[in-house]
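Asks: The structure under discussion is supplied below as structure tokens; questions concerning it will follow.
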Amino acid sequence: MSNEMFIVLVALATGGLLAWGFRNLPSERFQMLASLPMVKQDPGTWRGINLTWYGLLSANAQALAATWLLLLMSALGVPWLTTAGLIVVLVTLCIPGSHWLAQLVEKKAHTFTVGGASFLGLVAAPWLGWLVRRLLARPGEPDFPVLAWCAAITSAYALGEGLGRLACISFGCCYGRPLNQCHPILRRLFSRAHFVFQGHTKKVAYASGWEGQAIFPIQAISACVNLAAALASAYLFLRGAYAGALLTSALVTQLWRVASEFLRADFRGAGRFSAYQKLALAGAVWSVGLAIFLPSSGAEPRLELGLASIWAPGPLLLVQVVWVASFAYYGLSRVTTSKISYSVIVDNV
């Protein structure tokens, strides 16, 4: 399969997923995935814990991002165990870090920040790449360039960020302003392409009271921008243009975050220029420095080698572990509860 055909097929598959999500996820039906009874209350009723579509879609996005990273690194001939070591260290750093940074900025106990996690990942990536390469590399294995690793991780992040915006639509978070509060040009452009969130447990409803209103679809635009960056950077990566791949994925995702914050209405911390925007701007500058100063010479990637490698038992098991860990962390709702009752269908007895 040619590089071009691979990118086109991925674009069609992910584009179809985004189209489905934009159409269906704002509805009330796609917030709660399941509820589990935990504590018995009144006779016949239980207080439940909710499993969310947010968790399912976040886990899907992170598992696909891990697969993307494995594919790109395997295309360089890097053993999956080396990439697995990098993934484990990054996840261990970024997931708790995203929670800690969100608490620091938003002063809330039960929240996360993808922007903070991406900044931590960008800063840590070159050092982790160098360290894991030294610790896990065996004699005779390809000595992958750290720049290629940084390009691969930012491309995988862009893919995960793009698909992860579906989770935001489901939960009703990271939302835009009501369309009637936007600039007249935006009102005309999105008069027929906006979100209307349904359900009082959506964040847009309980935090801002905008259930049933036409909302600027910032999550959808962010999903498309980030996904395009992921595909473009992966294509450059597969052509061996690691600096271009890094700059494409890192600059587009980070600078778009700076711009998109001005179109969002959910609380992002104090100040006109938020802490998350400052982190994103710093991440963009950092990525330019990496592209300039890290050497770009190294093995030429081969797509067929990457595609063959990710179907081995080890990589498949790693992706499943990433999915389970992500769903366990993000899928249990901390801001909603449920009341469950059971009864017998007499006609079926």
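Each reported figure results from applying straightforward, stated rules to the coordinates on display, with no laboratory input. Keep in mind the model is a prediction, meaning the values are calculated, not measured. Glycine gets a Cβ as well: all are built from the backbone with ideal geometry, and neighbour counts include every protein chain shown.
Asks: Taking Rg and Dmax of the Cα atoms in Å as the quantity of interest, determine which of [x] 19.8, 61; [y] 24.6, 79; [z] 21.3, 74 was computed from the displayed structure.
Replies: [z]
Asks: How big is the dipole moment of the chain about its Cα centre under a simple scheme where the beta carbon of each Lys and Arg is +1, that of each Asp and Glu is -1, and everything else is neutral? Debye, nearest 20, please.
Replies: Magnitude of the dipole: close to 900 debye.
Asks: Separate question: Please list the non-local residues whose amide H lies under 5 Å from the amide H of Ser338, H modeled 1.01 Å from N, same-chain partners needing a gap of 5 or more.
Replies: Distant-sequence amide H within range of Ser338: Gly48.
Asks: Can you put Ile340, Ile218, Ile292 in order, fewest other beta carbons within 10 Å first?
Replies: Details: Ile340 16, Ile218 22, Ile292 9.
Ranking Ile340, Ile218, Ile292 by Cβ neighbours within 10 Å, fewest first, gives Ile292, Ile340, Ile218.
Asks: While we're here: Using alpha-carbon pairs under 8 Å, 6+ residues apart, how would you state the relative contact order of segment 177-216 in percent? Provide the component values of the computation, followed by the final result.
Replies: Working: 48 pairs, mean separation 19.2, N = 40.
Taking the mean separation of contacting Cα pairs over the length of segment 177-216, I get 48 percent.
Asks: Any idea what Rg and Dmax come out to for segment 308-349 if you just take the C-alpha atoms, in Å?
Replies: Final numbers for Rg and Dmax: 19.4, 54 Å.
Asks: Hey, fewest Cβ within 10 Å first, where do Phe195, Phe293, Phe262, Phe30 land in order? Display every interim value, and only then the final one.
Replies: Working: Phe195 24, Phe293 9, Phe262 12, Phe30 21.
Lowest to highest Cβ neighbour count: Phe293, Phe262, Phe30, Phe195.
Asks: I need the phi-derived Karplus couplings for segment 165-177: 6.51 cos²θ - 1.76 cosθ + 1.60, θ = phi - 60°, integer Hz, Gly and Pro marked x.
Replies: 5, 4, 4, 5, 5, 4, 7, x, 9, 6, 8, x, 7
Asks: Ok, one more. What residues have an amide H closer than 5 Å to that of Ala214, excluding those fewer than 5 places away on the same chain, when H is modeled at 1.01 Å from N in the peptide plane?
Replies: Distant-sequence amide H within range of Ala214: Leu179.
Asks: Please list, in order along segment 252-260, the HN-Hα scalar couplings obtained from phi with the Karplus expression 6.51 cos²θ - 1.76 cosθ + 1.60 (θ = phi - 60°), rounded to whole Hz, x for Gly and Pro.
Replies: So the J values, rounded to whole Hz, are 5, 5, 6, 6, 5, 4, 4, 6, 5.
Asks: Please arrange Lys203, Lys40 by how many other C-beta atoms lie within 10 Å of their C-beta, fewest to most. Please list the in-between numbers first.
Replies: Numbers: Lys203 20, Lys40 11.
Arranged by neighbour count, lowest to highest, Lys203, Lys40 become Lys40, Lys203.
Asks: Can you pull the Kirkwood radius for segment 177-216, inverse mean 1/r over Cα pairs, to one decimal in Å?
Replies: Details: mean 1/r = 0.0974 Å⁻¹.
Result for segment 177-216, one decimal place: 10.3 Å.
Asks: Based on the mean of other beta carbon atoms within 10 Å per residue, what is the order of 242-252, 74-84, 172-182, most packed first?
Replies: On the way: 242-252: 24.5, 74-84: 22.0, 172-182: 20.3.
Listed from highest to lowest mean packing, they are 242-252, 74-84, 172-182.
Asks: Taking amide H positions as placed 1.01 Å from N in the peptide plane, with prolines and chain starts having none, which residues 5 or more places from Ser35, or on another chain, fall under 5 Å of its amide H?
Replies: Leu51
Asks: Please list 3J(HN,Hα) in residue order for segment 222-238, calculated via the Karplus relation 6.51 cos²θ - 1.76 cosθ + 1.60 where θ = phi - 60°; whole Hz, with x for glycine and proline.
Replies: 4, 4, 5, 4, 5, 5, 4, 5, 4, 5, 5, 5, 5, 4, 4, 4, 5
Asks: Still on this structure, please answer the following. What does segment 214-265 give for Rg and for Dmax, in Å, if only its C-alpha atoms count?
Replies: When restricted to the Cα atoms of segment 214-265, Rg and Dmax are 12.7, 44 Å.
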